[in-house]
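Peer 1: Pasting a structure below so you can have a look.
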Amino acid sequence: MTREEGESRGDDTMIDAPQQITNPKPEEFFNVHYLRIYYGNLFPYTDIHKWLSYGHDGKHPGCDEYYFGRREFSFTLENDVYLRYKSFKTASALEDSIKSCFPYKIDIGAVYSVDPDKRHAYSQTGTNVFTPVERELVFDIDITDYDDVRYCCSGADVCSKCWPLMTVAIKVIHTSLIEDFGFKHILWVFSGRRGVHCWVCDPKARRMTNEQRSAVAEYFRVYKGNENNARKVALMGYSLHPFLARSYVDFLKGFFEGELQANQSIFSSKDKYDKILEMISDQDIQSELREKWENSARSSSLSEEAISLTRWEQLKNTLQSKKHKAPTLRMCVEEIVFTFTYPRIDLEVSKHMNHLLKAPFCVHPKTGRVCVPIDPNNCDEFDPLAVPTLSQLIEEINSGGSKMDVDDDDDTDTSLLGKSIKFFRSSFLEPLLKSCKEEIESSYKTKIGKSKDSFSW
Amino acid sequence: MEVIRSQKRTASNDVVSNPKIPLYLTAPQMEVRLEEFELFAIDRLRVLKGVSDGLARGKNPKEMDEVVNTLWKENMRHSDASEMVNKDIISHFVLRLVYCRSDELKKWFLSMETALFRHRFRLQNLEAQRAIVGEFGLPYKAVTGAELESLKERLGQVVRSLGQISPSVEAVYYKVPFEEVPDLVAGRRVLIQKGYAFVAGSQLVSLVVTQFRSHISKALILTNRKWTTTIREREKDRLTPIVEALSTTYLGPDYSQSSEYADISLKDIDQVSKSSFPLCMRHLFEKLREDHHLKHGGRMQLGLFLKGVGLKLDDALAFWRAEFSKKVGSERFDKEYAYGIRHNYGKEGKRTDYTPYACQKIISSAPGAGDHHGCPYRHFSEDNLRAALGRMGLSSRGMEDVMDKVRNKHYQLACTLTFEAVYGTSCDAGINHPNQYFEESQKILKSKTPAAPV
């Protein structure tokens, strides 16, 4: 589906085209016209509302009917106009507002103590202070933070050779969130261009303080550094912490020695291997390996990949035999693997309750792709370059291939977005709502029970 | 707490039965003489200021234990044990009044009281520690038997990962929700499984410190409310003047208002950056000139420093705009970056006039990929640091002294030595704020050539 087809479709009478697209730019796959159609017909308002209501749908006496209305949203409009502290009492209020301005970006913030759009009515020093009370634990992983270890792309680009870095990041973090922290309701979302977001929605997670969020983010942090220091991963001690050991054994080692080597050939040229040699804190070992490789470069007829693998084996063997020379060499092999493969999360995003994060099912302005959920249990199969774009979705509507409302009972619905929405519902939303309702009910019962007791003489 | 003028003190029946460290859970029901009100507070303030100094100088935990022990003995001792406890409690509650009155004061007080508590706790023996844990009434269970067995191997891994070669898994571990021990989690110093952290007996301090901190934080908010609604007015002729005077005495200058030595204009900025900026700011400045961009952390650190140095908002906007527009264009600068600069000067949002970062904050920051902020003495590799120091004009002898301090993690002392080497003079106070470095430097340079701009 190319832009040209999209533009010629504009001549059809199937979709209102109030404006002709007169000056087609090379990246004309995102514009207000397409957004209107998307937000007019495809965005899953009800699902998002159900999610963010966490069971407070007013159907149970224990519900807080004002809960959804205290959530902050922010809209970024066409001319970079940025509107914060928007809040909505109902799903239809949210829908109407989006359909009145068709924002380029929608962010979700925290649930506050009072409606964000009424915050000025409350003084800052009284008892009704405007402050966040709940917010999902979120993570943001962006592939540009890996630019120093990927050779196929840099900056905003992403391809099938470097995307696997995101896949392995999801696996490591997801496993830890479940096994170590005991979280259950986790949503992974494609950020639309070059990264992934993670939303941890357990009640316990939503109530975490900034200090606790910071602790979890630091627990996940391994890579510390920038161009000013050479050894950016420093694994001290005599063994890896069990979390790092599990990540290494289950995910990182295999990825490094397999897919990464094949895609990036990180030892195949002098520039590349010099970078790795600099991570070894012993000059003698560096020189030994450098010499060996400089000599072999001339005589080898092997493929890049094979050369890379051979050199990795040589490096491992050398370090294994010399690791007792200094404490900083003890886990040098692991350090190298971690430097290239371990997740690099944006700490600032996770640390603060009031940090806004892009909503799932938004469309990325630079790529036109929808921010669809990613299945963490099948993330190897996710391809960022195959995610539906706005123009594809509109083409689909035009050819009558998708239904306006995704119907759960209809197994014949194979529309591009329908699959994602179904996944969102069945894997994430339903189990979440079930658990939320149980919690609302049980805390209501406890409250009733307590007040009953207070009447007993 | 009742403040009176009489000479004798009625016995307090609210002192908790022999806790070595009071937890300050409730205000004491005792009478306090007016003179004691102020004097006790001042003594405690000396202790807290000493703690603050020790932390700023980068002392490790063991050193801090010593610092606290000495400070406490010097300032809070009393021959009568119950009098000592009374002074402890009274002084703490008086300082709560003093330091509840603004966010900045609260933050400082909370950090120092927590640090004080932490080190006093560490100085206790295991039994006393366990008693204090009990005082908090926390429902933690000791892990025993089969469960402990199943975890032994991984607990050993944790111990080894922290640098102990032979994993001596302790006899007692406590199973605690991970939220209760954030600093142990952050440092990967505990095993975590299904939401629970397994805390060793020797790590108890982390548990209680979190509880303590959380309690004091909440208490400060309540105290503030009481102060603003009733106490301040009621006591305006008696306690209020004392309270208001106490806080200004002891906080160091925050450099948010520029002094006579800090008033630069745009045309001088390049020259001044080479002559008077500390290494951290020089690096940021050079990178900005080189890349025509800085990431958020760098913009904050350098931007607030420049504000403290006397760069007015209009000049600051012009300065950043001139650089950034070379990379992202002036339109994008106006859209995306100008707001942030105005925000720093208190012209946007909640209009807080942000203060430039002190060394402690800069040292504890975490620069990542693409960042240039932080403290070079801490965050640079040795080679890069030597190169940078060379560009500042340090001799090889001077450099060795500085590197020695760096190796021992005395980053501020390293910066002080650099200062001394560059200006050929001694700096007894020690550098603990980049703006202090700048002002001291300008003082020296101006005294040499009063007329010329430096």
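The values are calculated or read from the model by the stated rules, or taken from the named source; none is laboratory data. These numbers were taken from a predicted model, which means no experiment stands behind them. Don't worry about glycine lacking a Cβ; one is built from the backbone with ideal geometry, like all the others, and counts go over all protein chains shown. For the accessible areas, the whole protein counts, side chains as well, though only heavy atoms, and no ligand, DNA or RNA atoms are used. Shrake-Rupley method; radii C 1.70, N 1.55, O 1.52, S 1.80 Å.
Peer 1: Where in segment B:85-108 does the label zone of B:Glu244 land, with the point 7 angstrom along Cα→C-beta and an amide N cut-off under 12 Å?
Peer 2: Output list for this probe position: empty.
Peer 1: Turning to a different aspect of this structure: Which whole-number value in Å² is the accessible area per residue of segment A:326-371, probe 1.4 Å? Display every interim value, and only then the final one.
Peer 2: Numbers: 1190 Å² over 46 residues.
Spelled out: the 1.4 Å probe surface of segment A:326-371, per residue, equals 26 Å².
Peer 1: For a test of the definition: using alpha carbon positions, the gyration tensor, and the 1.5 limit on a/c, classify segment B:70-124 as rounded, prolate or oblate.
Peer 2: Details: a/c = 2.76, a/b = 1.52, b/c = 1.81.
Cα axes put segment B:70-124 in the oblate bin.
Peer 1: On to the next question. Have a look at A:Phe139, A:Met166, A:Met279 and report the one farthest towards the positive end of the charge dipole of chain A, computed about the Cα centre with Cβ charges (Lys/Arg +1, Asp/Glu -1).
Peer 2: Farthest along the dipole direction, towards plus: A:Met279.
Peer 1: Within the accessible area of the protein assembly as shown, what % is carbon and sulfur when the probe is 1.4 Å and the other protein chains stay in place? Don't skip to the end; give the middle numbers.
Peer 2: Working: 20920 of 42370 Å².
Taking all protein chains in place, the protein assembly as shown shows 49 percent carbon and sulfur surface.
Peer 1: To the nearest 0.05, how large is the calculated FRET efficiency for A:Asn378 and B:Glu74 if R₀ is 60 Å and r is the Cβ-Cβ distance?
Peer 2: Details: r = 65 Å, r/R0 = 1.08.
So, using R0 = 60 Å, E works out to roughly 0.40.
Peer 1: Name the aspartates and glutamates eligible as straight-distance cross-link partners of A:Lys323: C-alpha to C-alpha under 14 Å, and not fewer than 8 places from it in the same chain.
Peer 2: Partners within reach: A:Asp282, A:Asp284, A:Glu334, A:Glu335.
Peer 1: Now for a separate question. Normalising by the residue count of chain A, find the relative contact order in percent from Cα pairs under 8 Å and 6+ residues apart. Intermediate values should be presented prior to the final figure.
Peer 2: Numbers: 628 pairs, mean separation 103.2, N = 457.
Computed value for chain A: 23 percent relative contact order.
Peer 1: Same structure, new question: So how do A:Glu304, B:Glu127 rank on accessible area, 1.4 Å probe, biggest first, that is with the largest at the start?
Peer 2: Working: A:Glu304 110, B:Glu127 150 Å².
My answer, sorted largest first, is B:Glu127, A:Glu304.
Peer 1: Between B:Leu266 and B:Lys443, take the C-beta separation as r, use R0 = 30 Å, and let me know the FRET efficiency to the nearest 0.05. Walk me through the numbers before you get to the answer.
Peer 2: Details: r = 22 Å, r/R0 = 0.73.
The value I calculate is 0.85.
Peer 1: Using a/c under 1.5 as the rounded threshold, could you call the protein assembly as shown rounded, prolate or oblate? The axes a ≥ b ≥ c are square roots of the C-alpha gyration tensor eigenvalues, and prolate needs a/b larger than b/c, oblate otherwise. Don't skip to the end; give the middle numbers.
Peer 2: Working: a/c = 1.43, a/b = 1.21, b/c = 1.18.
Rounded.
Peer 1: Can I ask one more? Please turn the phi angles of segment A:187-202 into ³J(HN,Hα) values with the Karplus equation 6.51 cos²θ - 1.76 cosθ + 1.60 (θ = phi - 60°), one per residue in order, whole Hz, x for glycine and proline.
Peer 2: Rounded to whole hertz, the list is 10, 9, 10, 6, 7, x, 9, 9, x, 9, 10, 10, 10, 9, 10, 4.
Peer 1: Using label points projected 7 Å from each Cα along Cα→Cβ, tell me how many nm separate B:Asp53 and B:Ile165, to one decimal.
Peer 2: 4.0
Peer 1: Another question, if that's okay. Cα to Cα, under 16 Å, and not fewer than 8 places away if on the same chain: which lysines meet these conditions relative to B:Lys226?
Peer 2: Output for B:Lys226: B:Lys106, B:Lys218, B:Lys236.
Peer 1: Something else about it: Heavy atoms only, 1.4 Å probe, whole protein assembly: order B:Asp291, A:Asp271 by accessible area, highest first.
Peer 2: On the way: B:Asp291 60, A:Asp271 130 Å².
Listed by decreasing accessible area, they come as A:Asp271, B:Asp291.
Peer 1: Note down the nm distance, to one decimal, between modelled labels 7 Å out along Cα→Cβ at A:Ala262 and at A:Glu65.
Peer 2: Between A:Ala262 and A:Glu65, the label points sit 5.8 nm apart.
Peer 1: Okay, moving on. Please give the solvent-accessible surface of A:Glu65 in Å², to the nearest 10, using a probe radius of 1.4 Å with every protein chain present.
Peer 2: The accessible area comes out at roughly 130 Å².
Peer 1: Compute for chains A and B the buried accessible surface, both sides summed, probe 1.4 Å, and express it in Å² to the nearest 100. Display every interim value, and only then the final one.
Peer 2: Numbers: alone 22210 and 23230 Å², together 42370 Å².
In total, chains A and B hide about 3100 Å² from solvent.
Peer 1: Here is a follow-up. Counting pairs of alpha carbon atoms under 8 Å apart in space and at least six apart in sequence, what relative contact order in percent does chain B give? Before the final figure, lay out each step's value.
Peer 2: Details: 512 pairs, mean separation 59.1, N = 454.
Dividing the mean separation by the residue count of chain B yields 13 percent.
Peer 1: Could you pull out every one of the lysines with an alpha carbon less than 19 Å from that of A:Lys89, ignoring same-chain neighbours closer than 8 positions?
Peer 2: Once the sequence-local lysines are set aside, what remains near A:Lys89 is A:Lys50, A:Lys59, A:Lys99, A:Lys118.
Peer 1: Suppose every Lys and Arg Cβ carries +1 and every Asp and Glu Cβ carries -1, with no other charges. What dipole size does chain B come out with about its Cα centre, to the nearest 20 debye? Could you put the intermediate results ahead of the total?
Peer 2: Values: 67 positive and 57 negative charges, 125 e Å.
Dipole magnitude for chain B comes out near 600 debye.
Peer 1: So for chain B, taking the charge dipole from beta-carbon charges (+1 Lys/Arg, -1 Asp/Glu), which of B:Leu110, B:Gly393, B:Pro177 sits furthest toward the positive end?
Peer 2: The listed residue farthest towards the positive side: B:Pro177.
Peer 1: If you take the beta carbon distance between B:Lys350 and A:Arg290 as r and set R0 to 51 Å, what does 1/(1 + (r/R0)^6) give as a FRET efficiency, to the nearest 0.05? Can you show the working numbers first?
Peer 2: Details: r = 55 Å, r/R0 = 1.08.
E(calc), rounded to 0.05, equals 0.40.
Peer 1: State, to one decimal in nm, how far the label point of A:Ala306 lies from the label point of A:Ser92, with both points 7 Å from Cα in the Cβ direction.
Peer 2: The modelled label-to-label distance comes out at 7.0 nm.
Peer 1: Averaging sequence separations of C-alpha pairs under 8 Å and six or more residues apart, then dividing by the length of segment B:395-451, give the relative contact order as a whole percent.
Peer 2: Working: 31 pairs, mean separation 13.9, N = 57.
Value for segment B:395-451: 24 percent.
Peer 1: Going toward the positive end of the dipole of segment B:331-444, with +1 on Lys and Arg Cβ and -1 on Asp and Glu Cβ, which of B:Leu417, B:Met403, B:Thr355 do you reach last?
Peer 2: Farthest towards the positive end: B:Thr355.
Peer 1: State to the nearest 20 debye the size of the charge dipole of chain A about its Cα centre, where the only charges are +1 on K and R beta carbons and -1 on D and E beta carbons. Please list the in-between numbers first.
Peer 2: On the way: 59 positive and 70 negative charges, 357 e Å.
That gives a dipole near 1720 debye.
Peer 1: How big is the dipole moment of the protein assembly as shown about its Cα centre under a simple scheme where the beta carbon of each Lys and Arg is +1, that of each Asp and Glu is -1, and everything else is neutral? Debye, nearest 20, please. Provide the component values of the computation, followed by the final result.
Peer 2: Values: 126 positive and 127 negative charges, 570 e Å.
Dipole magnitude for the protein assembly as shown comes out near 2740 debye.
Peer 1: Less than 15 Å Cβ to Cβ from B:Val159, Lys/Arg counted +1 and Asp/Glu -1: what total charge do the surrounding residues give?
Peer 2: Numbers: positive: B:Lys152, B:Arg154, B:Arg160, B:Arg188, B:Arg189; negative: B:Glu153, B:Glu170.
Summing Lys and Arg as +1 and Asp and Glu as -1 gives +3.
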